[in-house]
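Chemist: Below is the structure I would like to discuss, written out as structure tokens.
The values are calculated or read from the model by the stated rules, or taken from the named source; none is laboratory data. Computed from a prediction, not measured in an experiment: that's the story for all the values here. Cβ placement follows ideal geometry from the backbone for every residue including glycine, while neighbour counts extend to all protein chains displayed.
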Amino acid sequence: MTFLVIRARSDRGVKPKIRDTMSMLNLTRVNHAVLIPDTPAYAGMLHKAKDYITWGEVDADTIATLISERGRLVGDKPVTDASVKAGSEYSTIKAVSKAIASGDARTTDIEGMKPVFRLHPPRGPKGWGGIKRSFTVGGALGFRGEAITELAGRMM
């Protein structure tokens with residue numbers, strides 16, 4: 001299983017330990033997203049930064065859309081099937097997205113691909129829905145589960 005993690009808040013006035021945790025997650029700016037595997041180490045990092053990020057389980061179709069629309073290679077070139085085939089053991093974006101969704105691969109397995117996806121702020125009248133409250137009470141922060149795909153769709 002793989003999580004899509006999106007940074008929702010700035011780190012202005014944040015304790016250094018939380019700022020370091022978000023830096024280790026490669027979430028250095030607002031509206032940046034990363035794909036991480038579901039491991040105990042990452043679970044602790046997500047829990048520590050829960051007041052500044054949102055995350056949820058993501059499926060292979062969403063990962064494929066994310067890589068094809070927002071994935072970038074070094075030099076700010078878009079990720080294509082040809083670059084995936086040349087830089088990894090996978091032949092297409094669909095194949096690598098299935099492997100990432102199942103936890104068998106990571107975005108770092110594609111040579112030259114940046115691990116961070118730069119997203120647009122959420123489109124629509126709802127926007128983030130409040131960046132100071134948890135998702136369970138109508139805000140934008142914390143664990144979302146399957147609802148992360150809807151948010152990612154509005155941000156691509």
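Chemist: With the checklist (1) assigned to a helix (DSSP H, G or I); (2) closer than 25 Å to residue 141 by Cβ in hand, flag the one item residue 82 doesn't pass.
Modeler: Answer for residue 82: the failing condition is (2).
Chemist: Filter region 8-27 down to the residues that are under 21 Å from residue 114 (Cα atoms) and touching a helix residue (DSSP H, G or I) at 6+ places or on another chain (Cβ under 7 Å), then identify the one that is surrounded by the fewest Cβ atoms within 10 Å (Cβ to Cβ). Let's see the steps before the verdict.
Modeler: Taking region 8-27 first, the residues under 21 Å from residue 114 (Cα atoms) are 8, 19-27.
Now narrow it down to the ones that are touching a helix residue (DSSP H, G or I) at 6+ places or on another chain (Cβ under 7 Å): 21, 24-25.
Working: 21: 20, 24: 13, 25: 22.
Filtering first and then ranking leaves 24.
Chemist: Those residues that are over 16 Å from residue 117 (Cβ atoms) and of a type in the set (Lys, Arg), I need them from region 45-90; list them, please.
Modeler: If the condition is that a residue be over 16 Å from residue 117 (Cβ atoms) and of a type in the set (Lys, Arg), then 48, 50, 85 are the ones that fit.
Chemist: Of 136, 92, 80, which residue is touching a helix residue (DSSP H, G or I) at 6+ places or on another chain (Cβ under 6 Å), among the hydroxyl-bearing types (Ser, Thr, Tyr) and either surrounded by 18 or more Cβ atoms within 10 Å (Cβ to Cβ) or modelled with pLDDT under 95 (or both)?
Modeler: Values: 136 fails: touching a helix residue (DSSP H, G or I) at 6+ places or on another chain (Cβ under 6 Å); 80 fails: touching a helix residue (DSSP H, G or I) at 6+ places or on another chain (Cβ under 6 Å).
It is 92.
Chemist: Now for a separate question. Quick check on my filter: what residues within region 5-45 are in a helix (DSSP H, G or I) and either farther than 29 Å from residue 102 by Cβ or not assigned by TED's automatic domain parsing to the domain that holds residue 142 (or both)?
Modeler: In the first step, residues of region 5-45 are kept if they are in a helix (DSSP H, G or I); the result is 16-24, 40-45.
Residues satisfying the conditions are 16, 17, 18, 19, 20.
Chemist: While we're on this one: Please name all residue pairs, on different chains or six or more residues apart, with Cβ atoms under 7 Å, provided the first residue is in region 85-101 and is in contact (Cβ under 8 Å) with a residue 24 or more places away in the chain and the second residue is of a type in the set (S, T, N, Q).
Modeler: Cβ pairs passing all conditions: 93/68; 96/88; 100/2; 100/107; 101/2.
Chemist: Pull up region 104-125, narrow it to residues that are surrounded by fewer than 12 Cβ atoms within 10 Å (Cβ to Cβ) and more than 18 Å from the chain's Cα centre (by Cα), then point me to the one that is nearest to residue 67 (Cα to Cα).
Modeler: 124
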